[in-house]
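Here's the structure, in structure tokens; my notes come after.
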2 protein chains.
Amino acid sequence: MSKTIATFGEQIRLLREEETLSLREVAEQIGIDTSLLGKIERNDRQATKEQIKLIAKFFKLDEKELLKEFISDQIAYKILKEEADLDTLKVAEMKIEYLKSKK
Amino acid sequence: MSKTIATFGEQIRLLREEETLSLREVAEQIGIDTSLLGKIERNDRQATKEQIKLIAKFFKLDEKELLKEFISDQIAYKILKEEADLDTLKVAEMKIEYLKSKK
DNA sequence: CTATCAAGGACAATGTTTGTCCAAAGGTAA
DNA sequence: TTACCTTTGGACAAACATTGTCCTTGATAG
């Protein structure tokens with residue numbers, strides 16, 4: 001996976017375009033609807049876990065890394081949507097430690 | 001709001017207990033079901049924006065701060081549930097900057 | 001024209017969340 | 001004990017959100 005910061009969808013679009021494949025070609029291979037893949041690339045629809053697995057497999061990506069891209073996307077969109085400020089993430093981090101520590 | 005790290009629900013439970021009020025008393029005041037408030041305190045149910053506003057008002061808290069507690073909770077629970085690692089938050093932070101910068 | 005492609009609208013099916021009511025468990029006081 | 005009050009948590013319909021699919025549009029290329 002490239003070091004470039006880009007959303008989940010943008011990243012897979014870039015990968016697809018690098019190989020000059022159409023949405024249909026990729027969608028068919030991984031067994032999902034062409035339109036759905038397009039939406040996923042535009043961050044218009046969220047991929048499911050299963051779809052992420054298939055996409056990782058298709059592009060030979062590490063599934064765990066791709067999942068991290070996916071989850072960090074969701075968090076980023078949430079912060080933007082709620083117009084929460086950045087230190088919300090710091091608070092979240094402390095809470096994670098706290099919740100882990102209390103079994 | 002206290003500096004102690006605790007979940008959203010724990011924080012409001014502490015506030016309620018500090019004033020020795022029952023769930024029913026508080027729930028009635030803010031106009032929600034007693035059982036629902038109990039669940040919110042136990043993080044068994046998520047409060048809605050409207051409920052957060054009412055709770056903030058009742059306990060004389062800054063609504064924005066309380067909302068931050070709420071959102072950071074959601075993020076923390078998400079990370080734990082997905083078993084994502086902590087640096088997912090760093091990636092999210094970079095994506096927020098990225099998304100903000102691209103208009 | 002005719003293909004192929006991507007964008008995006010619409011919509012039923014499916015899933016998730018919400019509020020509410022009820023019952024049970026625990027405490028306390030008379 | 002009985003009576004009362006609190007909290008917990010199950011169940012469930014109603015409300016809401018997401019998913020997959022299909023169809024139309026518009027753009028580009030041959």
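For A:Arg24, indicate whether it is under 20 Å from B:Lys95 (Cβ atoms), exposed (fewer than 15 other Cβ atoms within 10 Å of the Cβ) and within 16 Å of DNA strand C (Cβ to nearest atom).
So A:Arg24 does not fit the description; no.
Return the residue satisfying two criteria in turn: it lies in region B:35-44 and is under 16 Å from B:Asp73 (Cα atoms) and assigned to a helix (DSSP H, G or I), and of such residues it is farthest from the chain's Cα centre (by Cα). Restricting to residues being under 16 Å from B:Asp73 (Cα atoms) and assigned to a helix (DSSP H, G or I), the top hit is B:Lys39.
Looking across region B:1-34 at every residue that is in contact (Cβ under 8 Å) with a residue 40 or more places away in the chain and not in a helix (DSSP H, G or I), the one that is farthest from B:Phe59 (Cα to Cα) is identified as B:Thr7.
Scanning region A:58-71 for residues that are without any contact (Cβ under 8 Å) to a residue 24 or more places away in the chain, on the phi < 0 side of the Ramachandran plot and not β-branched (Val, Ile, Thr) gives A:Glu63, A:Lys64, A:Leu67, A:Lys68.
Evaluating B:Ala47 against the criteria (1) touching a residue at least 12 places away in the same chain (Cβ under 8 Å); (2) within 12 Å of DNA strand D (Cβ to nearest atom); (3) part of a loop (DSSP other than H, G, I, E, B) leaves one unmet condition, (2).
Among the residues making up region A:71-99, those that are over 19 Å from A:Ala47 (Cβ atoms), more than 7 Å from chain B (Cβ to nearest Cβ) and in a helix (DSSP H, G or I) are A:Lys90, A:Glu97.
Quick note: the coordinates plus some simple rules give every number you see, no bench work behind them. Fair warning: this is a prediction, and the values are worked out from it, not measured in the lab. Cβ atoms come from the backbone with ideal geometry, glycine included; neighbour counts cover every protein chain shown.
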